[in-house]
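In what follows, a structure is listed as structure tokens, so that the remarks can point back to it.
Please treat every number below as a calculation from the coordinates, not as lab data. If you're wondering where the values come from, they're calculated on a predicted model, not measured in any experiment. As a convention, Cβ positions derive from the backbone with ideal geometry for all residues, glycine included, and neighbour counts pool all protein chains shown.
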Amino acid sequence: MDVRGRLAANMKRLRKERGWSQEALADAAGLDRTYVSGIERKVKNPTIMVVDRIALALGCRLGDLLDSLEKETSNG
């Protein structure tokens with residue numbers, strides 16, 4: 001999976017774990033909901049500054065959004 005796929009999957013997973021809609025995440029990160037949707041659908045390429053805003057909003061490390069999903073599946 002490429003970095004956009006990892007970002008999209010991790011962002012969606014963390015957002016859903018918090019029970020947030022895309023709109024709630026967008027509000028918390030100061031972004032437009034359609035932009036958040038585009039990131040999750042892998043049609044937008046956010047800057048590192050935007051990824052940092054998303055990480056802060058989700059209360060996670062920047063690396064948590066970019067980490068490989070294999071780490072998680074191999075531990076479970």
* Hits in the range 45-66 - residues which are within 13 Å of Ala8 (Cα to Cα), touching a residue at least 40 places away in the same chain (Cβ under 8 Å) and under 10 Å from the mean Cα position of the chain (by Cα) -> Val51, Ile54, Asp64, Leu65, Leu66
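Among the residues of the range 1-16, how many are farther than 12 Å from Ile54 by Cβ and touching a helix residue (DSSP H, G or I) at 6+ places or on another chain (Cβ under 9 Å)? Can you show your working first?
Let us first name the residues in the range 1-16 that are farther than 12 Å from Ile54 by Cβ, namely 1-6, 9, 13, 16.
Remaining after also requiring touching a helix residue (DSSP H, G or I) at 6+ places or on another chain (Cβ under 9 Å): 1, 3-4, 6, 9, 13.
The qualifying residues number 6.
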* Structure fact -> Contact list, first residue from the range 26-44 and within 14 Å of Asn10 (Cβ to Cβ), second anywhere and surrounded by fewer than 16 Cβ atoms within 10 Å (Cβ to Cβ) and aliphatic (A, V, I, L, M), beta-carbon distance below 6 Å, six or more apart or interchain, is none
* Asked: For the chain, list the helices (runs of 4 or more DSSP H) that sit wholly inside it and hold at least 2 residues that are of a type in the set (A, V, I, L, M, F, W, C); which are they?
  -> 3-17, 22-29, 33-40, 48-58, 62-66
